[in-house]
């Protein structure tokens, strides 16, 4: 019967211990198990109602609408009661938006939440979404212009509400505001240089 020398045993242990440590970490925290929402808007999953892809679709300086989605994780209905900006950059007046239990609401298609204030395309503003659950989600929301993928989102209701507040002010088209001009073609991804 052959006996292994102590150096051979030590060498074998030095090879097996790192391999065992590496393999023991397999199966935990796979990247595919983590939430990875790639979106143009801001996400907040810290509360009972998730705020997903939240953006302000600006139709002119100082007016627009909130878009994105709200997803209720509760067994009971919830509602979005208020949207405020702590620094006063935006205000919203709307009826509470009901989010049924275990369902979601698409703010771009199902509900219009008009916003007015001192924002324009390209800005990032802080908004607080207050829910009937007593929770408040704070988000840094990008302000986008109605170009490319946003051209299909109706803005008329937001425009009508904002027009009442901004009666007499110039519109982007009248002032020639370049921030709201859209290119003829969507931008191409960068390729090899």
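The values are calculated or read from the model by the stated rules, or taken from the named source; none is laboratory data. Just so it is clear, the structure is predicted and the values come from calculations on it, not from any experiment. Positions of Cβ are generated from backbone atoms using ideal geometry, with glycine treated the same way; all protein chains shown enter the neighbour counts.
Considering only the range 53-93, how many residues are more than 19 Å from residue 154 (Cα to Cα) and touching a strand residue (DSSP E or B) at 6+ places or on another chain (Cβ under 7 Å)?
Final tally of qualifying residues: 17.
Keeping to the range 124-135, report how many residues are closer than 16 Å to residue 68 by Cβ and free of Cβ contacts under 8 Å to residues at least 40 places away in the same chain.
1
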query = What strands (runs of 3 or more DSSP E), lying completely within the range 31-130, carry at least 2 residues that are within 17 Å of the chain's Cα centre (by Cα), under 26 Å from residue 149 (Cβ atoms) and modelled with pLDDT of 95 or more?
reply = 49-60, 63-72, 78-84, 104-106, 113-117
